[in-house]
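J.: Once you've had a glance at the structure underneath, I'll fire off some questions.
The values are calculated or read from the model by the stated rules, or taken from the named source; none is laboratory data. A quick note: this is a predicted structure, and the numbers were derived from the prediction, not measured. We place every Cβ from the backbone using ideal geometry, glycine too, and count neighbours over all the protein chains shown. SASA here: full protein model, heavy atoms, side chains in, ligands and nucleic acids out. Shrake-Rupley method; radii C 1.70, N 1.55, O 1.52, S 1.80 Å.
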Amino acid sequence: MTSTTTRKLSKKKLDKLVKNLNIEIESYFTKDEIEQLARESKFVQRENAVKLDGSTFLELIVFNSESLKKHSLNDLTIDLENDYGIDIAKQSLNERFNKYALLFLQKALERLLRDQLSINRLSTDSKHFKRILIKDSVCFQIDESLKDIYSGSGGSGSDAAIRIQFEYDLLNGTITDLSINAFNDQDAKDSLATVDKTHEGDLIIRDLAYMNLDVLRKFIDKLVTFICRVNPITNIYELKNDKLEKLDFVKIKKHMKRHNIACFEKQVYLSLKHKLQVRLIISLLPDSVVNERIRKANENNKKKGRGQCSKEYRARAAFNLFATNASETEVPLEKVYLFYKLRWQIELMFKVWTSLCAIHDVKKVKQHRFECYIYSRLIFIVLAWQIIWITATLLYSIDKKPLSYFKTYKTLLRKKLGQLRDIFVKGTEDVNDFLYKLYNTSKTKHLLEKKKDTSNSLEILLTCIVS
């Protein structure tokens, strides 16, 4: 059998699998659709339409590998002249970065998020959950000239900083939140503001910064399932003789050590005020980890003029404490921590955003140009995410191998920007052929490097959702 025949058979198999996965990729925007968005946002008006239209502006700033810190207005005017035959003065281009340009890009991102592909990523569906949502935020400092719009932490940090919220569904890859806020719009505030976007059948996995007791109460009322760490200052009670008694973690620690118990669970209530009934997962930590926790807490207390850690804090520091309203059938004791570990996939995405997409690498520019840059990076991230998610699906379905998102994003940025533009904006690139080539490259060049005695995210997810 010739290599050409083998290639055709592999391509045929790939095409069939793509079809079976219900993946339908078309260009996200036709030129007419882009121009319609540009007109709706007033980026393109009759008097300026000839010089710079919506599709050219979108291509110019979305499919550009340079960061804002490195790319000047003069560089952009050169690109416009060389690549598009548009001769525009630097000052004129600067004036086009205005509230209408920002609205245009916001509408484009909203359209992408609304019309995302729905991909059955795994052949095995979750029996208990319709969505498994993980969320976190990434923050970075920006020039202090924007402090009135994007207030920062102050102190030793910048007076201006930005916070981007990111949430996606682990079961099908759909991005459910991607929003830009000031640094001072904290995660707890976001969690309350977005609780109505959650539905019965969802499993929410977030860091404790999001999961205050008011949010947990709303989840319970909406029949939304959650897994989270317990805030160290939250009082925990158990029902004894029809009375709520505070848990004694000193006694619990002694009991677990005496009987060599690594992990167990209790039915408890969080806070006397809220009385949230949950399963509390109590996992005993190694002494070295506990000592390091206490050392850091004491250092922090000293900086803030407080005393040493209390006896109760030191006792609780000996444990990882997780709370969930999931039943034992939905999330068995031995899988609680595995589910929670899936949240770290967000951190890997943030590494892509900063290390590869350079979303944080900005210089002093006017507000609208800065915001246009941020939205252009997010648009690229969403577009590339669709291709990467499909590639990860193919690689795991065919070869049972996990994809490195970092490596794949890097290739797309370095080598495939023009082709991505042709797929998603111009519609001139054959999608299946692009996927086939990227899949073949990924089989050897984009694999996630497995660490000894550790599972990758796909293996963890399958372990969690398969009973």
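J.: Cβ-Cβ distance below 9 Å, separation of 6 or more or different chains: which pairs start in the range 25-43 with a residue that is basic (K, R) and end on one that is modelled with pLDDT of 80 or more and assigned to a helix (DSSP H, G or I)?
T.: What qualifies is K31/G54; K31/S55; R39/G54; K42/K99; K42/Y100; K42/L103; K42/F104.
J.: Answer with yes or no whether I388 is in a helix (DSSP H, G or I) and either under 21 Å from the mean Cα position of the chain (by Cα) or free of Cβ contacts under 8 Å to residues at least 12 places away in the same chain (or both).
T.: yes
J.: A follow-up question, please. Could you grab me the full set of residues in the range 85-95 that are part of a helix (DSSP H, G or I) and open to solvent by less than 70 Å² (accessible area, probe 1.4 Å)?
T.: S92, L93, N94 - these are the residues of the range 85-95 that are part of a helix (DSSP H, G or I) and open to solvent by less than 70 Å² (accessible area, probe 1.4 Å).
J.: Within the range 168-204, can you find the residues that are open to solvent by 30 Å² or more (accessible area, probe 1.4 Å), under 22 Å from K218 (Cα atoms), touching a helix residue (DSSP H, G or I) at 6+ places or on another chain (Cβ under 8 Å) and not small (G, A, S)?
T.: Those that are open to solvent by 30 Å² or more (accessible area, probe 1.4 Å), under 22 Å from K218 (Cα atoms), touching a helix residue (DSSP H, G or I) at 6+ places or on another chain (Cβ under 8 Å) and not small (G, A, S): T176, L192.
J.: Could you tell me which numbered condition Q116 fails, if it satisfies all but one of (1) modelled with pLDDT of 85 or more; (2) within 30 Å of T56 (Cβ to Cβ); (3) part of a loop (DSSP other than H, G, I, E, B)?
T.: Against the list (1) modelled with pLDDT of 85 or more; (2) within 30 Å of T56 (Cβ to Cβ); (3) part of a loop (DSSP other than H, G, I, E, B), Q116 comes up short only on (1).
J.: Does T393 meet the test of being more than 28 Å from D32 (Cβ to Cβ) and either surrounded by fewer than 19 Cβ atoms within 10 Å (Cβ to Cβ) or in contact (Cβ under 8 Å) with a residue 24 or more places away in the chain (or both)?
T.: When the stated conditions are applied, T393 passes them.
J.: Please determine whether any residue of the range 405-418 is within 30 Å of K147 (Cβ to Cβ), over 17 Å from the mean Cα position of the chain (by Cα) and not charged (D, E, K, R).
T.: The answer is no; no qualifying residue exists.
J.: While we're looking at this one, here's another question. Scan (1) within 18 Å of the chain's Cα centre (by Cα); (2) over 30 Å from S271 (Cβ atoms); (3) open to solvent by less than 20 Å² (accessible area, probe 1.4 Å); (4) at pLDDT 90 or above for the single condition F226 breaks and write down its number.
T.: (2)
J.: Here's another thing I want to ask about it. Among the candidates D185, D136, single out the residue that is modelled with pLDDT of 90 or more, of a type in the set (D, E) and touching a Lys or Arg at 6+ places or on another chain (Cβ under 8 Å).
T.: Step by step, each of D185, D136 is checked, and only D136 is modelled with pLDDT of 90 or more, of a type in the set (D, E) and touching a Lys or Arg at 6+ places or on another chain (Cβ under 8 Å).
J.: Moving on. Could you list all residues from the range 189-220 that are in a helix (DSSP H, G or I) and closer than 27 Å to C372 by Cα?
T.: K189, D190, S191, A193, K197
J.: Can I ask one more? Please pick out the residue among A317, A297, A323 that is within 30 Å of G201 (Cα to Cα), surrounded by 11 or more Cβ atoms within 10 Å (Cβ to Cβ) and of a type in the set (A, V, I, L, M).
T.: None of the other options fit; the residue is A323.
J.: What single numbered condition from (1) modelled with pLDDT under 85; (2) open to solvent by 30 Å² or more (accessible area, probe 1.4 Å) fails to hold for V425?
T.: Failing condition for V425: (2).
J.: Does S271 qualify as being over 24 Å from F339 (Cα atoms), open to solvent by less than 60 Å² (accessible area, probe 1.4 Å) and of a type in the set (S, T, Y)?
T.: Answer is yes for this residue.
J.: Which members of the range 326-339 meet the condition of being open to solvent by less than 10 Å² (accessible area, probe 1.4 Å) and part of a helix (DSSP H, G or I)?
T.: Hits for the range 326-339 are V336, F339.
J.: Yes or no: the range 359-367 includes at least one residue that is assigned to a helix (DSSP H, G or I) and β-branched (V, I, T).
T.: no
J.: Moving on to the next point. Might you check whether a residue that is assigned to a loop (DSSP other than H, G, I, E, B), among the charged types (D, E, K, R) and without any contact (Cβ under 8 Å) to a residue 12 or more places away in the chain occurs anywhere in the range 417-439?
T.: Yes, the range 417-439 contains at least one residue that is assigned to a loop (DSSP other than H, G, I, E, B), among the charged types (D, E, K, R) and without any contact (Cβ under 8 Å) to a residue 12 or more places away in the chain.
J.: Looking at the range 274-289, I want the residues that are open to solvent by 70 Å² or more (accessible area, probe 1.4 Å) and have a partner that is at pLDDT 95 or above with Cβ atoms under 6 Å, at least 6 apart or on another chain. Which pairs are those?
T.: From residues that are open to solvent by 70 Å² or more (accessible area, probe 1.4 Å), the pairs are K275/Y269; Q277/Y269.
J.: Taking T354 as meeting all but one of (1) open to solvent by 10 Å² or more (accessible area, probe 1.4 Å); (2) in a helix (DSSP H, G or I); (3) β-branched (V, I, T); (4) farther than 30 Å from K437 by Cβ, write down the number of the exception.
T.: Condition (4) is where T354 drops out.
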